[in-house]
Every structure is written in C-alpha cells, then in structure tokens.
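Chemist: Got a structure for you, questions after.
The values are calculated or read from the model by the stated rules, or taken from the named source; none is laboratory data. On a predicted model such as this, the values are computed, not experimentally measured, just so you know. In this analysis, Cβ positions are derived from the backbone assuming ideal geometry, glycine residues included, and neighbour counts consider all displayed protein chains.
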Amino acid sequence: MKILFLTHSFFPKLGGIERTSEILSTYFTDYGAEVHLITWTVDNAINEFPFHVIRNPGIYTLLKEFLWADIIFENNPCLKLSWPVIFFSKQHFVVLHTWLTGSNSQLKSVKLKELWLKKANHVIAVSNKLREIVFPSAEVIKNSYDNNLFKRLPEVEKTKDFVFLGRLVSDKGVDLALMLLKLLNEDLNSSASSTPYSLTIVGEGPMDTRLKKIIEEYKIEDFIEFTGPLTGNDLVKTLNEHKYILVPSRWKEPFGLVALEGMACGCIPIVADGGGLPEAVGNAGIIFKRNDISSLYIEVTNLIQNPQFEMEIRNKLSKHLSNHTSEIVCSKYFKAITKLYHLHEQN
C-alpha cells in the first residue's frame, strides 16, 4: 500500500502537527506501507527519515506523486497540496487537528475547507470537542505522544516546580503562569516560608520582551528560567526535572499534545478548560476555568497543599497515558486506512 502523506508544515519546524506527522509516517512505514511525505517546509540540512520526504514540490512533482499513491492522507486540511485529488480516483483521508475559523476575509477559505471535508472518503478528528464543533460525522482518534522519547527518567530528580512549554504568544497564556507564580510566592512571604516556587519557560516567540518586563514588574526574576526552544533529549530531561506542567491557554486548544508529553515525564498537567485540553488530560490532571487567574490559583493551591490528592493524581498518569502511546494510536489510524483501502480494491 502506497500512502501519500500531506502536511503543510514539517520538521525542522516544531509543533503538534509536525510531531504527529513524523510519528504517523514512521509507524505506517513500520506496518509495511510505502510512505512519501510532501510538505512546504524547506530544510537545507540532511535529515534521515524511514520514509521519503519531498519538500516544496512543483506541480509536476505533485501530480506525479498523486498518480503513484493508493491513499491520500491529509494531516489537517492543506488544499494547496491536496487539490490534485479531485483529478484522481484515490481514497482520501483528512485528519482534523484544529478549528476551521478565520476573519471575514477568510470566510471563503473556511467554506471551501468545509466542502473539502464532505468530499473526503474518511475524516478523523483528534478530539470529541473538535468533532462536535467542526465535523460531527468524523471518527475520533485522540492524539498520541512519542512514548519512545518522552518518559520518566529515574535518575533525574524533580527539584523544580512549574514548567511552561510552548510558543510565547498571548493565546498560550504564559503571562497567567507568571501571575500565578507571583501570587504563590506572595503567600509564602506572608507565611515566612523560605522555599519560593520556580517556573521554567521553554519556547520562544514575540512576547519574549514583554514577558521579561512583567517578570521585572512582579519582582520574580530570581524564580524564572528561560531555556529557549528545546527538543529531543534536552526537552525530556527538562520536563523530568519539574513537578507540574502549566498549559494555561486562552485559546481553545483542539487537543493539547504538550500535556501528554509533560505527563509522560512525570509532570502533573494543569490545563485550561477550553477546547480539547480536558480530554487530553482526562482524570489525570487539574482543570481550571480558561483565562481566569483566580480559578488557576485556587486549583493549584488545592493541589500543592494536599499531598494525598497530588499522589492520587500522579497514580492516574500511567493508565491515562497507556491510551495515547504511538503504537495504540497509529494502529487505529492504520486499521482505518487499511479497511478503506480494501473496500476500494473490492469495488
């Protein structure tokens, strides 16, 4: 079976869709499929993958690949790559990773994507909330994390408190994490405690300068660490050093892969209640009211002041993660693809 895997963005860019694209393509290859991945992302470095990667294709290359493929697998709607499917009798999968929204000037694009989903042979959404809002007839397969990479390292002691992982933009709510730290440490000052809480910020983005001004204003410079973007083993080690991962997004996240990655490294996830984040953590995390610092503060205070409650949450991490391993999730995708492929062959 020949699978043409389409993704607008791919490695070396960092993000949920990029990581998911690599995981799925690798496992499809392991299951015996021949996979060609097409992306607009250019990479001048030489990076080896177990599947063929085609970057920034021209029209001739694109048409040639569609002619070659048995299955067109579109990892989030990317019509500038997937349009040739209308000229070929191919089985067409579309995976929904995010909402179909836009400004008034983008309404035509949103409507076109809605029609595109209706035309596809099979649509998968990565959360129930995404299916409910965008495409109610979609099948739900929740995201996986890379369990070969993200895991608890017993030799790494959890000596740090909170970690934030993501783009430094307003939608991700990192300023709420700073306010939380300020409030928690003010409580400690009033009780004469000598162990202030710490926050590590992993990522980069346009809010970097503004965040440093807020940190200075709050007088919490001594308790904040900026690492910049981290990947691979460096990221895993950093997550393993922390007790809690904060995902205080103002934006309604369609799922929330970073929560799973943090959980796999032994961090209790503390997430906003918007979008698919509650599904990402299940009963193995703390959920607060989105964009509400009071709710965040109350939930975190209840957690850190109740060791037995914290242990109960930690004991649920492993069971929850077992449903999101790469093997489990990728096998669900491959089963759906194989079923459709054989039905098409029979007809």
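Chemist: Based on what the data block shows, is E261 acidic (D, E) and under 20 Å from V202 (Cα atoms)?
Modeler: yes
Chemist: Kindly provide the set of residues from the stretch 152-185 that are touching a helix residue (DSSP H, G or I) at 6+ places or on another chain (Cβ under 6 Å), in a loop (DSSP other than H, G, I, E, B) and on the phi < 0 side of the Ramachandran plot, ordered by number.
Modeler: L153, V156, L168
Chemist: Kindly establish whether E157 is farther than 25 Å from G16 by Cα, at pLDDT 95 or above, surrounded by fewer than 16 Cβ atoms within 10 Å (Cβ to Cβ) and not small (G, A, S).
Modeler: Yes.
Chemist: Further, regarding this structure: Go through the stretch 226-260 and count every residue that is closer than 14 Å to F162 by Cα, in contact with a helix residue (DSSP H, G or I) (Cβ under 7 Å, 6 or more places away or on another chain) and either touching a residue at least 40 places away in the same chain (Cβ under 8 Å) or crowded, with 24+ Cβ neighbours inside 10 Å (or both).
Modeler: 6
Chemist: Moving on. Tally the residues that are under 16 Å from C267 (Cα atoms) and part of a loop (DSSP other than H, G, I, E, B), restricting the search to the stretch 196-241.
Modeler: Count: 3.
Chemist: Checking the structure you have, find out if any residue of the stretch 175-196 is surrounded by fewer than 21 Cβ atoms within 10 Å (Cβ to Cβ), within 17 Å of N291 (Cβ to Cβ) and in contact (Cβ under 8 Å) with a residue 60 or more places away in the chain.
Modeler: Yes; the residues of the stretch 175-196 include at least one that is surrounded by fewer than 21 Cβ atoms within 10 Å (Cβ to Cβ), within 17 Å of N291 (Cβ to Cβ) and in contact (Cβ under 8 Å) with a residue 60 or more places away in the chain.
Chemist: Just give me the residues in the stretch 123-134 being surrounded by fewer than 19 Cβ atoms within 10 Å (Cβ to Cβ) and of a type outside the set (A, V, I, L, M), in sequence order.
Modeler: Of everything in the stretch 123-134, those that are surrounded by fewer than 19 Cβ atoms within 10 Å (Cβ to Cβ) and of a type outside the set (A, V, I, L, M) turn out to be N128, E132.
Chemist: Take the conditions in the same structural domain as V174 (by TED's automatic domain parsing), touching a Gly at 6+ places or on another chain (Cβ under 9 Å) and closer than 30 Å to D30 by Cβ and apply them to L239. Does it pass?
Modeler: When the stated conditions are applied, L239 passes them.
Chemist: Spot the failing condition for T98; the list is (1) out of contact with any Leu (no Cβ under 7 Å at 6 or more places or on another chain); (2) modelled with pLDDT of 95 or more; (3) among the hydroxyl-bearing types (S, T, Y); (4) closer than 28 Å to I328 by Cα, and only one is missed.
Modeler: The number of the failed condition is (2).
Chemist: From the list L149, L153, which residue is over 25 Å from F334 (Cα atoms), of a type outside the set (K, R), in contact (Cβ under 8 Å) with a residue 60 or more places away in the chain and not assigned by TED's automatic domain parsing to the domain that holds G276?
Modeler: None of the others qualify; the one that does is L153.
Chemist: Determine, yes or no, whether I141 is loosely packed, with under 14 Cβ neighbours inside 10 Å and β-branched (V, I, T).
Modeler: Judged against the criteria, I141 is not a match.
Results for (1) modelled with pLDDT under 95; (2) aromatic (F, W, Y); (3) more than 23 Å from G274 (Cβ to Cβ), shown as yes or no for each residue.
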residue: K142; (1), (2), (3): no, no, no
residue: Y145; (1), (2), (3): yes, yes, no
residue: F150; (1), (2), (3): no, yes, yes
residue: D161; (1), (2), (3): no, no, yes
residue: N189; (1), (2), (3): yes, no, yes
residue: P196; (1), (2), (3): yes, no, yes
residue: I224; (1), (2), (3): no, no, yes
residue: L246; (1), (2), (3): no, no, no
residue: L257; (1), (2), (3): yes, no, no
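Chemist: Have a look at A284, A280, A259 and point out the one that is closer than 25 Å to E155 by Cβ and assigned to a helix (DSSP H, G or I).
Modeler: When all the criteria are applied, what remains is A259.
Chemist: Suppose we keep only residues that are surrounded by fewer than 20 Cβ atoms within 10 Å (Cβ to Cβ) and polar (S, T, N, Q) within the stretch 1-44. Which one would you say is farthest from L277 (Cα to Cα)?
Modeler: Among them, the one singled out is N44.
Chemist: Which of the residues spanning the stretch 273-314 are crowded, with 17+ Cβ neighbours inside 10 Å and of a type in the set (S, T, Y)?
Modeler: Residue satisfying the conditions is Y297 alone.
Chemist: M207 fails exactly one of the following numbered conditions: (1) under 19 Å from V258 (Cβ atoms); (2) touching a residue at least 60 places away in the same chain (Cβ under 8 Å). What is the number of that condition?
Modeler: (2)
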